[in-house]
Amino acid sequence: MALPSARIKLRNRSSVLNVIGPKVRQIRETQGLTQEALAARCNVLNWTISRGTLAKIEAQVRRVTDEEVAHLARALKVDVGQLYS
């Protein structure tokens, strides 16, 4: 006897998980920093983040919290608003 198929309806989600990733990459590259160097700056500022996680943020694959945006701005030495332009 076949079981009825269950349908799971997912909410329509945008494929973009953050809007700041490309700007983080642009600012980082303008400053001549590698992902490794930016991750090191973040770690010195008491935010433990790996180069791989930073790469996911820049590629818009990983979500970014408001607190993380503030950490990134501080590490890049820019105002938070510059990450959203």
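What follows draws every value from the coordinates through simple rules; no lab data is involved. Just so it is clear, the model here is predicted, and its values are computed rather than measured.
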Self-check item: Interchain or long-range residues, amide H under 5 Å from Arg62's placed H
Solution: Ile57
Quiz item: How long is the gain from Val80 to Ala40 if the chain were fully straight, where each residue apart is worth 0.36 nm and the alpha carbon distance is subtracted?
Solution: 12.5 nm
Quiz item: Shape call for the range 27-85 from the C-alpha gyration tensor, a ≥ b ≥ c root eigenvalues: rounded (a/c under 1.5), prolate (a/b greater than b/c) or oblate?
Solution: rounded
